[in-house]
1. Tell me which residues, restricted to the stretch 89-122, are of a type in the set (A, V, I, L, M, F, W, C) and either within 16 Å of the chain's Cα centre (by Cα) or modelled with pLDDT of 95 or more (or both).
2. What residue, of R109, R131, R116, R137, is of a type outside the set (D, E) and closer than 19 Å to G33 by Cβ?
3. Among the residues of the stretch 72-85, which ones are more than 21 Å from L52 (Cβ to Cβ) and surrounded by 12 or more Cβ atoms within 10 Å (Cβ to Cβ)?
4. Yes or no: the stretch 82-95 includes at least one residue that is free of Cβ contacts under 8 Å to residues at least 24 places away in the same chain, among the β-branched types (V, I, T) and not in a helix (DSSP H, G or I).
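The values are calculated or read from the model by the stated rules, or taken from the named source; none is laboratory data. All of these numbers come straight from a predicted model, not from anything done at the bench. Using ideal geometry, Cβ is built from the backbone for each residue, glycine included, and neighbour counts are taken over all protein chains shown.
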Amino acid sequence: MARVDVEDRRFDTPKGIRRSPSFRGSGDNDRFGRFTEWVARAMGTPGFLLGLSLFAIGWMAWNTFAPEHLRFDSIAIGFTALTLVLSLQASYAAPLILLAQNRQDDRDRVQIEQDRQRAERNLADTEYLAREVVALRLAVKDLASKEFIRSELRALLEELDKQGEEEPEHAGG
């Protein structure tokens with residue numbers, strides 16, 4: 001049975017545009033990109049803010065009211081460990097959000113380019129159809145209408161009638 005390469009099973013990029021695997025290793029950049037977007041979306045929710053607030057309040061309450069031997073961060077030195085944990089979270093959050101934003105910008109750029117190309121095609125199609133409509137209108141003006149044909153036939157009949165009346169006179173004379 002033939003081996004199917006992972007790149008051959010991707011449907012999110014056209015076959016001719018697929019990129020070779022990253023030179024940084026075997027990690028999937030798209031998977032990491034999806035992870036960064038998930039983190040950015042999660043950090044922008046009220047649930048995340050509520051959870052982070054409850055975590056900080058719980059941390060401070062435990063280290064304030066718990067028995068002395070179970071405390072791990074001192075209120076006397078301003079909850080230094082909590083400050084470090086929150087700083088660490090923020091130091092990772094900012095780049096992850098920026099990565100997610102860059103991915104979204106790339107998708108927007110591609111979408112804008114596709115929209116521009118679609119608009120150009122629509123404009124070209126519209127101009128072509130407009131030229132065809134004008135050509136048809138001009139051609140229809142050159143075509144004989146029913147009334148024109150009827151009037152021409154009447155004129156021919158009248159002319160034939162006149163000729164028919166004139167011929168007996170010439171025949172008898």
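1. Initial filter on the stretch 89-122 (of a type in the set (A, V, I, L, M, F, W, C)): 90, 93-94, 96-100, 110, 112, 119.
Correct list: V110, I112, A119.
2. Details: R131 fails: closer than 19 Å to G33 by Cβ; R116 fails: closer than 19 Å to G33 by Cβ; R137 fails: closer than 19 Å to G33 by Cβ.
After applying the criteria, what remains is R109.
3. Initially, the stretch 72-85 is screened for residues more than 21 Å from L52 (Cβ to Cβ), giving 74, 76-77.
If the condition is that a residue be more than 21 Å from L52 (Cβ to Cβ) and surrounded by 12 or more Cβ atoms within 10 Å (Cβ to Cβ), then S74 is the only one that fits.
4. no
A quick yes/no check of all residues on (1) of a type outside the set (D, E); (2) surrounded by 11 or more Cβ atoms within 10 Å (Cβ to Cβ):
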{"residue": "N63", "(1), (2)": "yes, yes"}
{"residue": "P67", "(1), (2)": "yes, no"}
{"residue": "N102", "(1), (2)": "yes, yes"}
{"residue": "D108", "(1), (2)": "no, no"}
{"residue": "E113", "(1), (2)": "no, no"}
{"residue": "L129", "(1), (2)": "yes, no"}
{"residue": "A135", "(1), (2)": "yes, no"}
